[in-house]
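The next block holds one structure in the form of structure tokens; read it before the comments.
Values in this text are rule-based calculations from the coordinates and carry no lab data. In this text, all values refer to a predicted model and were calculated from it rather than measured experimentally. In this analysis, Cβ positions are derived from the backbone assuming ideal geometry, glycine residues included, and neighbour counts consider all displayed protein chains.
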Amino acid sequence: MIMPKLYGYMRVSTKEQNEERQKVALINAGVPENMIYMDKLSGKDFERPQYQKLIKKLDKNSVLFVKSIDRLGRNYIDLNEQWRIITKEKGADIVVIDMPLLDTRREKNLLGTLISDIVLALLSYVAESERINIKQRQAEGIAIAKANGVKFGRPRMPIPDNFYELRQEWRSGKISMKEAAKECNMPIGSFYSRAVRIEKEVAKCAD
């Protein structure tokens, strides 16, 4: 009897810290550490280098383990399509550790396939809905904060005391912009953008 090849896939975003938790779960499920593939990207789509490399290795003698369905992906349509590719086109099995019903090695009949498909559809829908809700809550929070006067982004550096004088000398052609920026201890781009902004504000006040 040919022993199946066990693969593991894990995904973390750059802000998440659950990398070790996923790895431990995969190893405890029997996946060799050197057969675990990981991407540090969001789950919005499947354009991930390690995932694409893993998919090419899968065949009918492969079993792919993931800790939870959202580690595989969060996009409802794409997630269902990838599930179809892995199980139908590649002929591989998938095991979702946190959801025992999503184990295609069990019940290799019509009923088992139907149950897996229903559970997958429900979970992937919930995963995408949560992603959309998080983005909506973030947008609403930012809008409320802005309405309350909260400023986002890095605060502007204070203007040096000699800025206005050197700006005038630059505009009158006495010194170059590079020299003026250097004297102000500012990058050229920052000096120029700050000068233009101030001149626009002055012109607006004069209207």
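Side notes on the structure shown:
- Once the Cβ-Cβ distance of LYS40 and GLN168 is raised to the sixth power relative to R0 = 41 Å, the FRET efficiency obtained is 0.25.
- Additional length obtainable on full extension of the chain from ALA29 to LEU122, 0.36 nm per residue less Cα span: 31.1 nm
- Packing-based exposure ordering (other Cβ within 10 Å, fewest first) of LEU58, LEU26: LEU58, LEU26
- DSSP beta bridges in the range 1-109 [antiparallel fraction, %, rounded to 5]: 10
- Projecting the alpha carbon convex hull of the range 163-206 along each direction and taking the average yields 2.8 nm².
- Surrounding net charge for GLY173, when Lys and Arg each add one and Asp and Glu each subtract one, Cβ distance under 13 Å: +1
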